[in-house]
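Input: a single structure, listed below in structure tokens.
The values are calculated or read from the model by the stated rules, or taken from the named source; none is laboratory data. Everything numeric in this text was worked out from a predicted model, so none of it was measured. As a convention, Cβ positions derive from the backbone with ideal geometry for all residues, glycine included, and neighbour counts pool all protein chains shown. Accessible surface areas use protein heavy atoms only, side chains included; no ligands, DNA or RNA. Shrake-Rupley method; radii C 1.70, N 1.55, O 1.52, S 1.80 Å.
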Amino acid sequence: MSFSFDTKNELCRLPVQRRCCAQAEAYGILLYCHTFSSSEVRIITENPNFAARLPRLFQRAFDLRFDRQPDLSRGEAGKTVFQITKREKLDHIIDLLGYDPRQSLALHINFAMVEEECCRASFLRGCFFAGGSITDPAKRYHLELTGSHLQASRELEVLLRESGYPPKSVTRNGSVVTYFKQSDQIEDFLTLIGAPSAALRIMSTKVEKGIRNSVNRRLNCDSANLDKAVEAAQSQGAAIRKLEAAGRLKALPDKLQETAALRLAHPELSLSELAETFDPPVTKSCLNHRLRKLLELAERL
């Protein structure tokens, strides 16, 4: 199952209670479904839980049944179609949503239907049911609502901005896509419409990504530091051998001779580890000073 499918299943578990919220949710579905006109309502879905929710929702919202709906008792997979074509039912829906059945249906959002916070959340849930999709957060953060009605899509963007979720939009294949790419906006939107588990899953995925990236940065940093230490040890060893070949090493002070001998004996050790091999141990700063002195003497040859 996809993350989008699981999210809609979570939303389907929400009860259909208040009539105003049921109408608002059905309104969102109608604006973003396959067809909503003065001559037909057609809703197509492949989600069996959403298909089971639709008859209950429309009964509660509009007190009517679909003229055509699948036999859900068979449990058949694939697309299911819900349809209303009877004129009196369509006029009833159009009238309840605040349009005039006698005029041509120019779809836009009736903001009076979404004044209450609960109704606004239900309306957005309906939009997501019919036209929404969300990408698996393990891949990327992306939630979109795709609708074919330009004016309604523009007004949805205004509604989302007023609710504190500023989206972006683009036209794709004749449809308007309203989308979010910020994980925190997607989390807040899902929580608002009633999918907190999906929001928590995004949060946990984000935390896992952050830990993984932090570990990778640490490993890369450790690897880079190790490379630098190896290069420094090789340069120091080369300088010491150069001094030895020139017969200059034995003329150096005892502390520099001891440092040269231990560096050649332990080329794999870091400065801190090499400092511990002295008897008595020296500080890292002291050892670094001695090695720099050996490098300077070798460069003068």
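How fast does the chain diffuse by Stokes-Einstein, in µm²/s, taking the Kirkwood radius from C-alpha pairs at 4 °C and 1.567 mPa s? In µm²/s, the coefficient rounds to 53. If you sort 279, 6 by accessible surface, 1.4 Å probe, largest first, the order is 279, 6. For residue 255, the lysines whose Cα falls under 21 Å of its own Cα, not counting residues fewer than eight places away in the same chain, are 242, 284, 293.
Computed from the alpha carbon atoms alone, the convex hull of the stretch 1-147 holds 110 Å³ per residue. With loop membership from DSSP and a limit of 15 other Cβ atoms within 10 Å, the longest segment of the chain without GluC sites (Glu not before Pro) is 117-267. Atom-type composition of the exposed protein surface of the chain places 49 percent of the accessible area on carbon and sulfur (1.4 angstrom probe).
At the listed q of 0.09, 0.10, 0.16 Å⁻¹, the Debye profile of the stretch 161-301, built from one uniform point per Cα, gives log10 I(q)/I(0) equal to -0.54, -0.57, -0.90. Heavy-atom accessible area, probed at 1.4 angstrom with all protein chains present, ranks 228, 139, 293 as 139, 228, 293, highest first.
For the stretch 207-249, the convex hull drawn through the C-alpha positions has a volume of 31 cubic angstrom per residue. Positive-end ranking of 118, 134, 96 along the dipole of the stretch 77-163, with charges on Cβ about the Cα centre, is headed by 134.
Peptides 53-61, 166-174, ordered by how many other C-beta atoms sit within 10 Å of their residues on average, highest first, read 53-61, 166-174.
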